[in-house]
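First up is the structure itself, then whatever we jot down about it.
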Amino acid sequence: EGYREKYEDLSREYEERLRQFEEEVNREVEERVRELGIDKRKYEQMLADRQELIELYVEKLYSLARKFALENKRIRKNRGLFLILVDERNMDRGNFSDFHEGQVEYLDQSLYKGIDNLPHIFSPKIEDVFNFMGERVEIVDESGEVTGHEERDGAVLINLKGIAFKTRVMVEGVRTHRVYNKVEKLLKGNAKHAAAIYASSLNEVMVSIVVSEETSEVTMFRDGKFMRSYDPYADKETLREEILQFLQDNRNDGEQWATGEAEEGDST
């Protein structure tokens, strides 16, 4: 009985502290809105519009990644791709590593200058960028002979204008210690998938999407979590809810198997 009373007291205290915190946040927001001279209703509408735009870009990027993967299937060639939708204005540059020596910024070229040539996600120009990033780089020895190939390193970064503004950023260097406790366990994938799931949990990142260079499977991460994937060869999409249900079913089966084995052991 004493434990129940303590639990109820703690629950009430928690609810009260949570209410106070929410009130404080609301006061801070209202104060900031007044300082900016913006009507609160308009401010809330601006936030809603921003979120709608983000969702539109997320869906468009996922659609482009699927199209890229299906093209891989058509040409019978697995090419990798790494896309990140990021709030460029609030981007913490310290979260990403610098280029390797010898790497160049692909989007600095003159062919992407001017309003008609911007690599926007609703422009065919973006496909040129994706194709460049998906190709393998030839490794040439001192004699000029091609000795091998390697994937282009890094990602395509897209800002909230819908424009690709940076490529080949070494996001594998994302500062994972800042977000480690916000990221769920990676179920499958390689180093690029690990970088993507960590990057997706950063405050300035809205979504990260990987097309596997090994299987062409498309995988989306948001807030440090797997959201969905698409297999172009099977033409099958897997949603987060399906994975969670699969894991839960496996866990239940394991518990039943362990219980059954114990009961069988007890009876012998």
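Just so you know, all these numbers are worked out from the coordinates, no wet-lab data involved. Keep in mind it's a predicted model, so treat the numbers as computed, not measured. So basically every Cβ, Gly included, is an ideal-geometry build from the backbone, and we count neighbours across all protein chains shown.
Cβ-Cβ distance of LYS67 and ASP141, R₀ of 35 Å, FRET efficiency by 1/(1 + (r/R0)^6): the value works out to about 0.45.
If each DSSP helix of 4+ residues adds -39,500 (n - 2.57) and the sum is divided by the residues in the chain, what number results at 222 nm, nearest 500 deg cm²/dmol?
Helices in the chain give a 222 nm mean residue ellipticity of -15500 deg cm²/dmol.
In this label model, MET46 and SER123 are separated by 2.7 nm, measuring between points 7 Å along each Cα→Cβ vector. Out of every Cα-Cα pair that the chain contains, those further apart than 36 angstrom amount to 33 percent. Taking 0.36 nm per residue of separation and subtracting the current Cα-Cα distance, fully stretching the chain between GLU23 and PHE246 would add 76.3 nm.
For the residue pairs LYS73/LYS225; LYS161/LYS192; LYS166/LYS236; LYS113/LYS161, the C-alpha atoms sit more than 19 angstrom apart in LYS73/LYS225; LYS161/LYS192; LYS166/LYS236. The distance between label points at ILE75 and THR238 comes to 2.6 nm (points 7 Å beyond Cα on the Cα→Cβ vector). On full extension, the segment bounded by ILE54 and ASN190 gains 46.3 nm, given 0.36 nm per residue less the C-alpha separation. The stretch between ASN181 and ARG32, if pulled fully straight at 0.36 nm per residue, gains 50.6 nm over its current Cα-Cα span.
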